[in-house]
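What follows is a short report on a single structure.
The values are calculated or read from the model by the stated rules, or taken from the named source; none is laboratory data. All of these numbers come straight from a predicted model, not from anything done at the bench. We place every Cβ from the backbone using ideal geometry, glycine too, and count neighbours over all the protein chains shown.
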Amino acid sequence: MSKEVNIDWNNLGFSYMKTDYRYVSRWSDGEWDEGKLVTDNKLSLSEASTALHYGQQCFEGLKAYRTKDGKIQLFRPDENAKRMQNSCKRILMPEMPEQKFIDACIEVVKANEKYVPPYGSGATLYLRPFVIGVGHNLGVKPAPEYIFCVFCVPVGPYFKGGMTPVNFTIADFDRAAPYGTGAAKVGGNYAGSLLPHEKANEKGFADCIYLDPKTHTKIEEVGAANFFGITKDDKFITPKSPSILPSITKYSLMHIAENYLDMEVVERDVHIEKLDEFKEAGACGTAAVITPIGGIEYKGDLHVFHSETEVGPITKKLYDTLYGIQFGDVEAPEGWIVEVE
Ligand code: PLP
Ligand code: COI
């Protein structure tokens, strides 16, 4: 247990808890205001806000890590800032300048320092930046005002078990349309995923895997994470599609596989009928980190990769390198780490 805050760091899951400060900035008349830290975790908004009716909102997820020497660092926050700008562009919301986004994250972490889990607990401080359309509006059109907010929560593993493999099933639904909003981190994509997720849980699976919405033959996403597979000849393969959320973790793993583990990396179609080509598979994302995929159920059969109970050796090496970089134990590529003072 922490002395300063009553938190059992080693047993955290992925759930909300109120921390002390969040950053809020408002946009009106064409510009963002200065923004400030506030203690109130409730927002007041018009009943006619576009975020409430038309899903005009987007969000991000990134983490702050405590290193062995007690420092705190962020992992590639510039990439989250850029992705949020792309999400905003897609649904006609004003973009938050990259540096202002990063500064807001740093301010929130500093103000909530006592909630950054200790090194060695495996837990992290999850940051949730978001933009919502607010102000009075009735027709389907962009909001007259916006709120940008960043709050934070200490978290443990997203999927129970952390590095223990979990099984997934193929969804009967699509999460995105071929030319829809799949590549943007907008709330509507997640609302549509609630029912398939619940159905997967009811069948005993950790979550569901979405196939491409056009042909339903290729793997797109693993719930709220990207997919990767390791072929029998040690290649790192990950799906390429315009309706996948471009995962920062996935692009980081591609770099790690190529430059730290000397593997060939290919972004291409991953056919659900050809799972045999992989000896290991995993889900990757900020919340999921790397979650080994034990097996995938498709048309009533469970295809098992390395094992349903043990992580495969290459997935483990990828995880150790990523985790090492994030917690400051392995040298990071230039620009990946931003120190919080
Ligand atoms: N795919 C979806 C649908 C997600 O929600 C996330 C989480 O952000 C990811 C993939 C992983 O992306 P990242 O690695 O940037 O967190
Ligand atoms: C993340 O990995 O940051 C996510 O957004 C996943 C989920 C909690 C929505």
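Observations, loosely collected:
- Among the residues of the stretch 297-320, those that are surrounded by fewer than 20 Cβ atoms within 10 Å (Cβ to Cβ) and in contact with a helix residue (DSSP H, G or I) (Cβ under 8 Å, 6 or more places away or on another chain) comprise Tyr298, His303.
- Residue in the stretch 95-117 that is part of a strand (DSSP E or B) and touching a helix residue (DSSP H, G or I) at 6+ places or on another chain (Cβ under 9 Å) present: no
- All positions within the stretch 161-219 that are part of a helix (DSSP H, G or I), closer than 30 Å to Gln85 by Cα and of a type outside the set (Gly, Ala, Ser): Asn189, Tyr190, Leu194, Leu195, Pro196, His197
- Looking only at the stretch 62-78, residues that are among the hydrophobic types (A, V, I, L, M, F, W, C) and away from ligand 1 (no atom under 16 Å from the Cβ) come to 1 in all.
- Any hit, the stretch 200-221, residues being crowded, with 21+ Cβ neighbours inside 10 Å and over 18 Å from Phe173 (Cα atoms): no
- Scope the stretch 47-86; condition part of a loop (DSSP other than H, G, I, E, B), farther than 14 Å from Cys149 by Cα and not hydroxyl-bearing (Ser, Thr, Tyr); matching residues: Glu47, Ala48, Gly55, Gln56, Lys68, Asp69, Gly70, Lys71, Arg76
- Meets criteria (more than 16 Å from ligand 2 (Cβ to nearest atom), part of a strand (DSSP E or B) and not assigned by TED's automatic domain parsing to the domain that holds Pro242) for Leu43: no
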